[in-house]
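Novice: Right, I'll just put the structure down here and ask away after.
The values are calculated or read from the model by the stated rules, or taken from the named source; none is laboratory data. Because the structure is predicted, anything quoted here is derived from the model rather than measured. Don't worry about glycine lacking a Cβ; one is built from the backbone with ideal geometry, like all the others, and counts go over all protein chains shown.
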């Protein structure tokens, strides 16, 4: 696990993973997968893996750590073929162990089967138990292995001579609950699958013909990965859809009817997605800027400058500055490489906390009343030290503004948001939080303001999951969980 123990890292919600798939005859698909995963590194930093297939045999390499730590020229070279899937992982169900690293790759009667998963199955315990009762052995604690084994097992009454992978996927989708965006590797094709609620992102790209290579198609969690490898954005995978990439091109099947109202995770806009990604036909940077503009209108401050917490809150800080008329400036510089070391800080450095990752710009802060814009406050371990750091840099006042509502509830759909009692907004009022972090004032964007800022740039029907703010989950968890199962799941997940 590539995690040094810094409060700043621990205080952030963490995504489950980023996934990628490619069908491109004549191309070095392993190398393309490597660079695509590099572009998706922000979605998972615990492990990385790539599986390829040449139409007969499959090859895989995966390991713990960041993409550039797991892969090199030597271990990329054996990954031959014209099909590939890859994944960056941050564990939600299943601990941070190599046995849980993805993609999963197994051999079936009909050739190799590989699976990369972004999300979290909320009925994973139930599905796991059904597999065990059928005599299927499981080697990990990950719900993604459950998905792999469900696809590998023949459907009841189905013939065994030829696989019908899409029917198996549709069968899985009929039983599964929760969040899943999948990339699936078989001998002849790469598939993309998205849950009926559309909770987690997945998009399609096209590799243009050129240099003697045939055109190909790709799948990626975010569009930012497409530009990195020279692919063109085609569209997003629809909720409940199965997409197949093979020698015949791009094919689609609506396997499960999409939910009446989609529930795409709104936190992708707030924090997770890269600002240059396009989601629901709008750039994430522009949405974050609108969040900051809405925050300035709802929560103005008597101040001299606006400062953002690098890097995720920068667009919101720019939006706040534009709407408020206050000048935006950098107040904190970030060491972008501190998170890339396996060396953990000693006790003295650990107590230094955010000083390892941020330094104040004294010349910009001295004597100024500062608005510090952040995208979220989860556990509350970072905001206080950052306020103190700005004061050490010379700030006369520090007014904290957050471009999302208070996070009050855990997430069961693929995000490590912490358990309820660990969330500072779970039981504490805004005033108590303000005192805790030592700010001169504190204000959050309202839920209505957040939703309006996100949805104002979307034409047509849309819907978003904001359960971590409201407690209103798009999935009725208690419908199939006993209290014992729920406690067990929370124990695994937490």
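Novice: Of the residues that make up segment 266-274, is at least one surrounded by fewer than 19 Cβ atoms within 10 Å (Cβ to Cβ), part of a loop (DSSP other than H, G, I, E, B) and at pLDDT 90 or above?
Specialist: no
Novice: Before we move on, is residue 409 more than 19 Å from residue 299 (Cα to Cα), in a helix (DSSP H, G or I) and in contact (Cβ under 8 Å) with a residue 40 or more places away in the chain?
Specialist: no
Novice: Considering each of 453, 427, 395, 418 in turn, give the residue that is modelled with pLDDT of 95 or more, out of contact with any strand residue (DSSP E or B) (no Cβ under 6 Å at 6 or more places or on another chain) and in the same structural domain as residue 332 (by TED's automatic domain parsing).
Specialist: None of the others qualify; the one that does is 453.
Novice: So, in segment 361-389, how many residues would count as being over 30 Å from residue 419 (Cβ atoms) and in a helix (DSSP H, G or I)?
Specialist: Final tally of qualifying residues: 4.
Novice: Which one of 350, 336 is modelled with pLDDT under 90, out of contact with any helix residue (DSSP H, G or I) (no Cβ under 8 Å at 6 or more places or on another chain), under 30 Å from residue 38 (Cα atoms) and not in a loop (DSSP other than H, G, I, E, B)?
Specialist: Of 350, 336, the one residue that is modelled with pLDDT under 90, out of contact with any helix residue (DSSP H, G or I) (no Cβ under 8 Å at 6 or more places or on another chain), under 30 Å from residue 38 (Cα atoms) and not in a loop (DSSP other than H, G, I, E, B) is 350.
Novice: Something else about it: Give me the residue from segment 56-76 that is in contact with a helix residue (DSSP H, G or I) (Cβ under 8 Å, 6 or more places away or on another chain) and in a loop (DSSP other than H, G, I, E, B) and, out of that set, nearest to residue 22 (Cα to Cα).
Specialist: Filtering first and then ranking leaves 71.
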